[in-house]
Amino acid sequence: MLQYTLDGPEGGEPLVLGPSLGTSAKVWQPQVAALARTFRVLRYELPGHGGSPRQDARTMDDLAALVVRTAAGQGWESFHYAGVSIGGAIGATLAIGHPGRVRSLALVCSSARFGEPQGWRDRAALVREKGTGPLLEATARRWFAGPPDQGLLDDLAGADPEAYAACCDALAGYDMRGELGRIAVPTLVLAGRQDPATPPEHARLLADGIADATLVEVPGAAHLATADRPEAVTAALLAHLPAVPTGSTGSGMRVRREVLGDAHVDRAIARTTGFTRDFQDLITRYAWGEIWTRPGLDRRTRSCITLTALVAHGHLEELAMHVRAALRNGLTPDEIGEVLLQTAIYCGVPAANAAFAVAQRVLTEPT
């Protein structure tokens, strides 16, 4: 098995993220928060990288088998998969060699063939002799179009030379150009337009060869697009991955408590009867477990929208509760006042007048 990091709800759909050669699970760090709201995210480390032990793995099939064993350790028979560079190649190998394991696939700055085999054999020989130090300067230019991420370069400097060289051997023997038609799952192919290692034409070849593929090219990104243009990569992944309901009662209750506070939720639970239990479950599961957990809007914005809707419909008791929630979500009293002032124009002066009275009462409550 490989060393790994887990994020996200235990009941979430499984998503495996594969790193690029020379990096660690940190290459996916900018995407984790958004993905882990819905998915159970497993980020694995390549052998000899990021603290993962060296393994006897010298082919892409060997590496894919290690990923299968690592996922099986979580009880996952199948999973969604996204990988950067060699991580993408491992994903393609899984999709072809382990049918039924991969539910969907994302190939980020990857390729069906990473150049001539001799180049990888030469790099493997260099690293076995001198370590990864001689690669750092040139690698920084390949990986980043913007400022380099020193943490990822430190990962390269700290990689086990023999394990790194073994991955080079695997890349030397990797050629999927004639096999792409066997990938039968929805696939995102993402390219960095300034990627010198796997330029956009590599991505186009992948997208043309895979029947159910979507191609996205990200401007201003080099080989590690996840770090170079994190927002664009995250948005593409969220659009590609299935919309999985997050509305379990457990996750909904957690968010409900975070937004409304334990005291309010405890009072609501204490008042629940057999007659109201199903309604309370409905609210917790769908309002708090699905809508308030969606990544498209932050909680401050959702509070602004909720305040406006409550004023428009005259739900003043609920408005008091959500003024308190807005404060918990980071809105200032002045910002709440601006929201209510806007409602005077679009919801009517009498509605806003009543709303200001409710908000004033809440804002003067003892903390």
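The values are calculated or read from the model by the stated rules, or taken from the named source; none is laboratory data. This structure is a prediction, so every number in the text was calculated from the model and none was measured. All Cβ positions, even for glycine, are placed from backbone atoms using ideal geometry, and neighbour counts span all protein chains on display. Note: accessible area is taken over every heavy atom of the protein model, side chains too, but ligands, DNA and RNA are not part of it. Shrake-Rupley method; radii C 1.70, N 1.55, O 1.52, S 1.80 Å.
Look through Arg328, Arg361 and report the one residue that is under 21 Å from Asp262 (Cα atoms), touching a Gly at 6+ places or on another chain (Cβ under 9 Å), open to solvent by 20 Å² or more (accessible area, probe 1.4 Å) and not hydroxyl-bearing (Ser, Thr, Tyr).
The unique qualifying residue is Arg328.
Residue-wise test of (1) at positive phi; (2) free of Cβ contacts under 8 Å to residues at least 60 places away in the same chain; (3) of a type in the set (A, V, I, L, M).
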| residue | (1), (2), (3) |
| --- | --- |
| Pro230 | no, no, no |
| Arg257 | no, yes, no |
| His264 | no, no, no |
| Ile269 | no, yes, yes |
| Thr272 | no, yes, no |
| Ile283 | no, yes, yes |
| Ile305 | no, yes, yes |
| Glu317 | no, yes, no |
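Taking the condition in a loop (DSSP other than H, G, I, E, B) and open to solvent by 10 Å² or more (accessible area, probe 1.4 Å), does Pro350 pass? Break it down stepwise before answering.
Working: in a loop (DSSP other than H, G, I, E, B): no; open to solvent by 10 Å² or more (accessible area, probe 1.4 Å): yes.
In short, no.
Out of segment 79-109, which residues are under 18 Å from the mean Cα position of the chain (by Cα) and of a type in the set (Ser, Thr, Tyr)?
Tyr81, Ser85, Ser104
Inspect all residues belonging to segment 83-92 and state whether any of them is part of a helix (DSSP H, G or I), touching a residue at least 40 places away in the same chain (Cβ under 8 Å) and among the β-branched types (Val, Ile, Thr). Step through it out loud before you land on a result.
As a first pass, look at segment 83-92 and keep what is part of a helix (DSSP H, G or I): 86-92.
Those left that are additionally touching a residue at least 40 places away in the same chain (Cβ under 8 Å): 86-92.
Narrowing the set further to residues that are among the β-branched types (Val, Ile, Thr) leaves 86, 90.
Yes, segment 83-92 contains at least one residue that is part of a helix (DSSP H, G or I), touching a residue at least 40 places away in the same chain (Cβ under 8 Å) and among the β-branched types (Val, Ile, Thr).
Checking Gly314 against (1) surrounded by 12 or more Cβ atoms within 10 Å (Cβ to Cβ); (2) over 30 Å from Ala239 (Cβ atoms); (3) under 33 Å from the mean Cα position of the chain (by Cα), which single condition isn't satisfied?
Here Gly314 meets the rest and fails (3).
Do you know which of the residues in segment 2-48 that are in contact (Cβ under 8 Å) with a residue 60 or more places away in the chain and at positive phi is farthest from the chain's Cα centre (by Cα)?
Gly48
Which residues, counting only those in segment 223-232, are part of a helix (DSSP H, G or I) and farther than 16 Å from Arg43 by Cα?
Passing the criteria: Ala225, Asp228, Pro230, Glu231, Ala232.
For residues in segment 252-262 being out of contact with any Asp or Glu (no Cβ under 9 Å at 6 or more places or on another chain), open to solvent by less than 60 Å² (accessible area, probe 1.4 Å) and of a type outside the set (Val, Ile, Thr), which is modelled with the lowest pLDDT?
Met253
Considering only residues that are closer than 21 Å to Ile96 by Cβ, among the hydrophobic types (A, V, I, L, M, F, W, C) and not in a helix (DSSP H, G or I), which ones fall in segment 178-210?
Listed by number, the residues that qualify are Ile183, Ala184, Val185, Leu188, Val189, Leu190, Ala191, Ile210.
Of the conditions (1) modelled with pLDDT of 95 or more; (2) over 21 Å from Pro295 (Cα atoms), Arg43 fails just one. Which one is it?
The one condition Arg43 does not meet is (2).
Conditions first: (1) open to solvent by less than 10 Å² (accessible area, probe 1.4 Å); (2) in contact with a helix residue (DSSP H, G or I) (Cβ under 9 Å, 6 or more places away or on another chain). Ala71 passes all but one, so which condition is the exception?
For Ala71, the failing item is (2).
Condition check: open to solvent by 20 Å² or more (accessible area, probe 1.4 Å) and under 26 Å from the mean Cα position of the chain (by Cα). Does Leu156 satisfy that? Walk me through it before giving the result.
Details: open to solvent by 20 Å² or more (accessible area, probe 1.4 Å): no; under 26 Å from the mean Cα position of the chain (by Cα): yes.
Criteria not met by Leu156.
Just one of the numbered conditions (1) open to solvent by 10 Å² or more (accessible area, probe 1.4 Å); (2) closer than 29 Å to Pro219 by Cα; (3) part of a loop (DSSP other than H, G, I, E, B) is not true of Arg43; which one?
So the condition that Arg43 fails would be (3).
Identify all residues within segment 93-145 that are assigned to a loop (DSSP other than H, G, I, E, B) and farther than 22 Å from Glu13 by Cβ; write none if there are none.
Cys109, Ser110, Ser111, Ala112, Arg113, Phe114, Gly115, Glu116, Gly131, Thr132, Phe144, Ala145
Confirm whether Thr293 is surrounded by 15 or more Cβ atoms within 10 Å (Cβ to Cβ), touching a helix residue (DSSP H, G or I) at 6+ places or on another chain (Cβ under 9 Å) and outside any helix (DSSP H, G or I).
Criteria met by Thr293.
For the list (1) crowded, with 22+ Cβ neighbours inside 10 Å; (2) touching a helix residue (DSSP H, G or I) at 6+ places or on another chain (Cβ under 6 Å); (3) of a type outside the set (Val, Ile, Thr), I need the number of the one condition that Trp120 fails.
(1) is the only condition that Trp120 fails.
Pairs please, first residue from segment 133-145 and within 11 Å of Leu156 (Cα to Cα), second anywhere and open to solvent by 50 Å² or more (accessible area, probe 1.4 Å), Cβ atoms under 6 Å, 6+ apart in sequence or on different chains.
Correct list of pairs: Ala140/Pro148.
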